[in-house]
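Undergrad: Okay, here's the structure, questions in a sec.
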Amino acid sequence: MAGPKICVVGACNIDLISYVPRLPVLGETLHGDKFHMGFGGKGANQAVMAAKLGGDVAMVTKLGKDTFGENTLENFKRFGLNTTHVHFTNKAFSGVAPIAVDRDGNNSIIIVTGANDLLTEDEIQAAGQTIAEAGVLVCQLEIPLEINISALKIAREKSVFTIFNPAPARKELPPELFPLCDIFCPNESETELLTGMTVQTIEEAESAAKALLQKGPKTVLLTLGERGSLLVTKDGTKHIPVEPVKAVDTTGAGDSFVGSLAYFLAGGRDIEDAVARANRIASISVQASGTQTSFPDARDLPPGILD
Ligand code: RIB
């Protein structure tokens, strides 16, 4: 592969998606309309998105020695990923994610991280050269936190640009993590949980993003769903909107955004330009079903996104 180099350290799941008229309430059994099984996991999704655009992507992850794990490896190979640092364990099953999606495209997700939790410090150190050779390192929160911190530290030492996506949401993160992030990229609910602040209006989003910025990342990039993204640095705030679309399935839209962002930044785009392009790709992804299956290929993109 000759495209921009990206390294993703993160999780793989098999997504078990049920399409339902509405999300169930406590104790309720609902009839679903349709079922889809596909490749997911935030790290895997972001890596595949970057590869679909033409990125030269290396994945660092751990899978179970089971059918889901073998199929996931094949999927990575199909998209041309560097799988040197895809490990297997027989101590846990591959990650799985039962997901319900309602008729407005909203979802509710359970993750059983399994093998993802067993990625080790030694395996991250072994991927050090791969991280060092990347233009951008991307990490999320579906693998142990200390593993993310090690990967981010390697990137920092080697002056590799870092994107940290604090998903799924957590209430607290260690202070040492924030200064390791060039871009700290949460969504609205992750921001609310991390700051204890409400994120409904753009003004509230800006205040919360500024609170996160004070913790030490160079940039806070808050994703706002159909309202686009908010870019906050010490030099100011920029709201980058996106054209409204009718969502079918929002599962993985954030991953589509992060993977695209990594691709455009590794390709040398400036951050505002990269965000605007990633916004458009994420909005294309919500108009189709499934997770990775909803991510557009480079050849299917409308003119103006890649050029
Ligand atoms: O962000 C969407 C992803 O979250 C799904 O693919 C699921 O596996 C969970 O990790």
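Rule-based calculations on the coordinates, nothing more; no lab input. If you're wondering where the values come from, they're calculated on a predicted model, not measured in any experiment.
Undergrad: Straight-line reach from Lys171: which aspartates and glutamates have a Cα under 12 Å away, not including same-chain ones fewer than 8 places off?
TA: Hits, sequence-local ones excluded: Glu190, Glu192.
Undergrad: Relative contact order of the chain, please, whole-number percent, based on alpha carbon pairs below 8 angstrom and at least 6 residues apart.
TA: In percent, rounded to a whole number, it is 18.
Undergrad: What is the Cα radius of gyration of segment 122-204 over 2.2 N^0.38 Å, N being its residue count?
TA: Ratio of Rg to 2.2 N^0.38 Å for segment 122-204: 1.17.
Undergrad: Scan around Val60 for amide H atoms under 5 Å from its own, H built in the peptide plane at 1.01 Å from N, and keep only partners 5 or more places away or cross-chain.
TA: Under 5 Å from the amide H of Val60: Val8, Val9, Gly10.
Undergrad: Once you treat every alpha carbon in segment 75-118 as an equal point and sum by Debye, what is log10 I(q)/I(0) at q = 0.22, 0.26, 0.27 Å⁻¹?
TA: After summing over all Cα pairs, the log10 values are -0.86, -0.91, -0.93.
Undergrad: Across 10 Å bins from the origin, how do the percents of Cα pairs in segment 12-124 run, short distances first?
TA: Binned Cα distances yield the sequence 14, 40, 29, 14, 2.
Undergrad: So, one more: Over segment 65-212, what per residue volume does the convex hull of the Cα atoms give, in whole Å³?
TA: 146
Undergrad: Compute the Kirkwood hydrodynamic radius of segment 172-307, taking the inverse of the mean of 1/r over all pairs of distinct Cα atoms, and give it in Å to one decimal.
TA: Taking every pair of different Cα atoms in segment 172-307, averaging 1/r and inverting gives 15.2 Å.
Undergrad: Please list, short to long, the whole-number percent of alpha-carbon pairs of the chain in consecutive 10 angstrom bins beginning at zero.
TA: Binned Cα distances yield the sequence 7, 30, 38, 22, 4, 0.
Undergrad: Distance check, please: which entries in Lys153/Lys215; Lys52/Lys77; Lys5/Lys42; Lys62/Lys218; Lys5/Lys218; Lys91/Lys153 exceed 24 angstrom between their Cα atoms?
TA: With Cα atoms farther than 24 Å apart: Lys62/Lys218; Lys91/Lys153.
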